[in-house]
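The block underneath contains the structure these notes are about, expressed in structure tokens.
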Amino acid sequence: MGKVVEVKHPLIQHKLTIIRDRSVGTKDFRSLVDEIAMLMTYEVCRDLPLKDVKVHTPVAETVQKELSGKKLAVVPILRAGLGMVDGILQLIPAAKVGHIGMYRDEVTLEPVEYFVKLPDDIEKREVLLVDPMLATGGSAKDAIDALKKRGAQNINLITLVSAPEGVKTVQDAHPDVDIYTASIDEGLNENGYIVPGLGDAGDRLFGTH
Ligand code: PRP
Ligand code: URA
């Protein structure tokens with residue numbers, strides 16, 4: 001079974017509390033989502049492989065560690081996942097970026113796929129699939145299906161706020177996927193919104209309704 005990591009760093013919890021507040025506007029919401037995504041990347045990359053490298057410091061020659069060059073791909077689920085991409089790229093600037101367009105039908109709550117564009121060598125890359133919200137889990141489950149259909153083998157899901165129902169849906173369908181989230185909230189309300197959650201992440205990021 002893939003691991004579920006609730007990344008409870010104080011800075012992340014503090015920033016997440018700010019964006020939960022309904023009075024926070026688009027500008028601050030956007031920059032804080034970006035910052036939280038960047039901070040979470042630190043935890044997500046904890047096990048990246050390293051290799052030895054020789055360095056001449058001003059004082060001595062030494063053997064130290066550098067990243068071994070494992071290829072990564074950041075794949076946001078549109079729209080809201082876009083808000084997390086720049087924060088992650090600040091720490092992993094060489095990552096390629098794919099996109100999966102998916103929206104949740106407001107009545108059935110079923111995800112509808114409308115766009116998929118991935119790096120050609122996706123099967124060789126470790127994928128960071130990003131979406132601030134994991135609610136019923138339908139969108140993430142289908143996005144992972146879309147990635148696997150195109151050859152992706154090594155997939156991590158990074159979310160800001162998750163419902164236990166969504167975590168279970170992804171784990172049941174994709175037990176090989178690790179999930180990193182800043183919070184596992186109480187559950188879903190009758191409209192499929194995460195409680196307490198932070199509302200509609202896409203609308204809050206882009207100023208739509
Ligand atoms: C939101 C969110 C997730 C999905 C989560 O997207 O960003 O993709 O809902 O819900 P689920 O776990 O029940 O599938 P939305 O459909 O609102 O699209 P948007 O990002 O374009 O606003
Ligand atoms: N999508 C969101 O943006 N927020 C929720 O609470 C659930 C789905």
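Descriptive notes on the structure:
- Inside segment 1-47, residues that are touching a strand residue (DSSP E or B) at 6+ places or on another chain (Cβ under 6 Å) and not in a helix (DSSP H, G or I) make up a count of 6.
- A residue that is of a type in the set (Val, Ile, Thr), over 26 Å from residue 35 (Cβ atoms) and either loosely packed, with under 15 Cβ neighbours inside 10 Å or within 16 Å of ligand 2 (Cβ to nearest atom) (or both) occurs somewhere in segment 91-108.
- Residue within segment 97-111 that is within 26 Å of residue 48 (Cα to Cα) and either touching a Ser or Thr at 6+ places or on another chain (Cβ under 8 Å) or within 10 Å of ligand 1 (Cβ to nearest atom) (or both) present: yes
- For segment 23-82, filtered to residues that are basic (Lys, Arg) and farther than 19 Å from residue 128 by Cα, the residue that is farthest from ligand 1 (Cβ to nearest atom) is 54.
- Residues that are of a type in the set (Val, Ile, Thr), touching an Asp or Glu at 6+ places or on another chain (Cβ under 9 Å), assigned to a strand (DSSP E or B) and under 26 Å from residue 19 (Cβ atoms) within segment 62-86 comprise just one, 77.
- In segment 131-177, residue nearest to ligand 2 (Cβ to nearest atom) [restricted to those that are in a loop (DSSP other than H, G, I, E, B) and aliphatic (A, V, I, L, M)]: 135
- Failed item in (1) within 16 Å of ligand 1 (Cβ to nearest atom); (2) over 13 Å from the mean Cα position of the chain (by Cα), with residue 176 passing the rest: (1)
- Residue list for segment 36-54, filter: more than 30 Å from residue 183 (Cα to Cα) and surrounded by 11 or more Cβ atoms within 10 Å (Cβ to Cβ): 53
- Selection within segment 182-209: residues that are within 11 Å of ligand 1 (Cβ to nearest atom) and β-branched (Val, Ile, Thr). The member of this set that is nearest to the chain's Cα centre (by Cα) is 194.
- Here residue 72 clears all of (1) surrounded by 15 or more Cβ atoms within 10 Å (Cβ to Cβ); (2) under 21 Å from residue 183 (Cβ atoms) except the condition numbered (2).
- Residue that is farthest from residue 19 (Cα to Cα) [pool: residues in segment 190-209 that are within 8 Å of ligand 2 (Cβ to nearest atom) and assigned to a loop (DSSP other than H, G, I, E, B)]: 192
We did not get these values from a lab; they are worked out from the coordinates using the rules stated. Source: prediction; values computed, not measured. Note: ideal-geometry Cβ built from the backbone for every residue, glycine included; neighbour counts use all protein chains shown.
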